[in-house]
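Written out below as structure tokens is the structure these notes cover.
The numbers here are math on the coordinates, done by the rules we state, and not lab data. Just so it is clear, the structure is predicted and the values come from calculations on it, not from any experiment.
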Amino acid sequence: MRKTFIQQSVLVLLLLSLLITSGMNVMPINNNDPQFTGISGKSAGNAVTARNEVSVQKTIEPQKKTVPVPEAARSTADQDRKSESKTKASPKAPPAEQAQPAKPAEKKLPVYEVTAYYLNVRSEPNAGSRILHVAEQGTAFEIAAVTDNGWLKLKDGGYIHAGYAKKTENNAPEPAAEEPAPKKQKAAVRIASVESSASAPEETRQLPDKPSSRVDSDSGLTMAHIKKIFKGTALSGHGLESAILEIEEEYGINAFFTIAVMKLESGNGKSKLAKNKNNLFGLNAIDGDKYNKAFSFKTKGDSVRRFGKLLSKHYVGKGLETVEQVAKKYCPANSKWPSLVRAIMKSDYKKL
């Protein structure tokens, strides 16, 4: 039994020595390092040596110094990067438009002032055309052209007669002559005549302004109207229409009033003064020797023009602007004179 115990003890010692010897050659396993999992013995020792060398090299290798970047430089660099990115992202700007050539300065037009007390601005360069409006004395107009028959074409539209306006000192050149309208072919004229007769009213159908007691007013009469008023009287056929409209243009004397005084003073053109002296208004026919003292005129139209000048200077120009006011000076002996004149004016208006 003692022999058995000794054998068992020797066996245990052998096992212990074997275990101790094995433990000296085995390295502990690092579960966190997969590189060395399952390695033992000499291979493990070599791996440990290699890892230690790498660690030593890392320790010996000098560390790179990090130089701090100033805040201003970093901000400038950021702005440059942003600017560069915007330039790449944004589309190219369209090329700048070429500078337009400067417009030539507008040509300076001559200016004319109205010399008559009142002057009609008409739609066409003739006394029989439609009246657009009435200009007072001193009104200035820019003139675009001059017609062959002595009318001034206004820049803003319309025409005035050159005889009743004068050029001002504005250093502008004289107005150019208006280019005549191109002549229409005969066929075109016939077609236009048919169309106008069918659609546009005749000139005589345009109702003029109703006459009033005002002497210095616009009548709205045309040559066609006056011819209709004179029809059947001794005043017809003497070209008085243009003269009557002329003094309305130049002096602002209402054409209805002029015709009424003419009819009353000349007996519708049948008086001795009207026939022999072409005096249609009894001008200067003073009591006592009316016929001999009365003025004589070359034409009846001259009589009309003298009447207009007289009314403008000695009546309207001095504040006598109604039929009643004119009557007190023109024919003070006849108290019915103003009522007779107004009655003729009313009768002539009804004829139209």
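Quick notes
- Distances between placed amide hydrogens fall under 5 Å for Leu132 paired with Val121, Arg122, Ser123, all partners being 5 or more residues away or on another chain.
- Built amide H within the under 5 Å cut-off of Ala165, gap 5+: Thr115
- For segment 138-150, Karplus couplings with θ = phi - 60° (6.51, -1.76, 1.60), whole Hz, Gly/Pro x: x, 5, 9, 10, 7, 9, 8, 6, 10, 7, 5, 9, x
- Each eigenvalue of the Cα gyration tensor of segment 312-352, multiplied by 5 and square-rooted, gives one semi-axis; in descending order these are 21, 14, 6 Å.
- Over segment 206-351: Rg over Rh, Cα atoms, Kirkwood Rh: 0.93
- Amide hydrogen neighbours beyond the local backbone of Lys153, cut-off 5 Å, H modeled: Ala144, Ala145, Val146, Thr147
- A compact globular protein would have a Cα radius of gyration near 2.2 N^0.38 Å; the ratio found for segment 111-177 is 0.99.
- Taking 26 Å as the limit for the C-alpha separation, the pairs Lys270/Lys309; Lys153/Lys231; Lys231/Lys290 exceed it in the case of Lys153/Lys231; Lys231/Lys290.
- Potential lengthening of the chain between Asp156 and Thr233 amounts to 23.7 nm, from the contour at 0.36 nm per residue minus the alpha-carbon distance.
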